[in-house]
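This report refers to the structure that appears directly beneath it.
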Amino acid sequence: TLAVGAYGEASGVVGDLNDDTMMNAGAAYVFTRTGGLWEQRAYLKAGQPGFADSFGFAVALSDEGNTLAVSAPLEDSGVDGDPLDNSAEAAGAVYVFARVADEWSPQAYIKAAHPDPWDVFGVSIALSGDGDTLAVGTDSEDEG
């Protein structure tokens, strides 16, 4: 299993692969290899895609390939758990997806405990081999 982030992608907004109106919203692709051939198995978008969120900036896949973390470090939304509150510019977020029976579904939407503008939460991510522990890096989180 291979996961690829495409943080500059604009297509796929609201499920329309021909809609390129949301520049740099981003996407992630999942491929599997069978008999030496790679085949695309999933096309993933953020739950609330936004202009310049950069979903897919970093991806991390568990060892068995069934848990995938995808960052969107420039995402504005999710302040106080509200996915429509875009008041913290580039606060960032990480999405976790799980594969069951070859279908990928969202499992978690993760924000910093106190998202602030330009935290860039998700600029780097790492997922443990078993997929149960996620580490998230930020560029400019201020303490306090």
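Size check on region 1-105: the Cα extents along the three principal axes, sorted descending, read 48, 28, 20 Å.
Taking label positions 7 Å along the Cα-Cβ direction at both Ser87 and Ala126, the computed distance is 3.5 nm, reported to one decimal.
Overall, the accessible surface of the chain at a probe of 1.4 angstrom is composed of carbon and sulfur to the extent of 51 percent.
In debye to the nearest 20, how big a dipole does region 10-85 give about its Cα centre with +1 on each Lys and Arg Cβ and -1 on each Asp and Glu Cβ?
440 debye
Accessible surface calculations at 1.4 Å, restricted to protein heavy atoms, place the chain at 53 Å² per residue.
Ranking Tyr109, Tyr95, Tyr43 by solvent-accessible area of protein heavy atoms (1.4 Å probe, all protein chains present), from largest to smallest, gives Tyr109, Tyr43, Tyr95. A Cβ-based charge dipole, computed about the Cα centre of the chain with Lys and Arg at +1 and Asp and Glu at -1, lands at about 640 debye. Between Ala98 and Asp16, the FRET efficiency from the beta-carbon distance, with R0 = 30 Å, is close to 0.75.
Given charges of +1 on the Cβ of Lys and Arg and -1 on the Cβ of Asp and Glu, with all other atoms neutral, how large is the dipole of region 49-132 about its Cα centre, in debye to the nearest 20? Charge dipole, region 49-132, about its Cα centre: 120 debye, nearest 20.
Other residues whose C-beta falls under 10 angstrom from the C-beta of Val79 contribute a net charge of -4, scoring Lys and Arg +1 and Asp and Glu -1.
The values are calculated or read from the model by the stated rules, or taken from the named source; none is laboratory data. Computed from a predicted model, the values in this text were never measured in an experiment. FYI the Cβ positions are ideal-geometry reconstructions off the backbone, even for glycines, and counts take in every protein chain you see. In case anyone asks, the SASA skips ligands and DNA or RNA and just uses the protein heavy atoms, side chains included. Shrake-Rupley method; radii C 1.70, N 1.55, O 1.52, S 1.80 Å.
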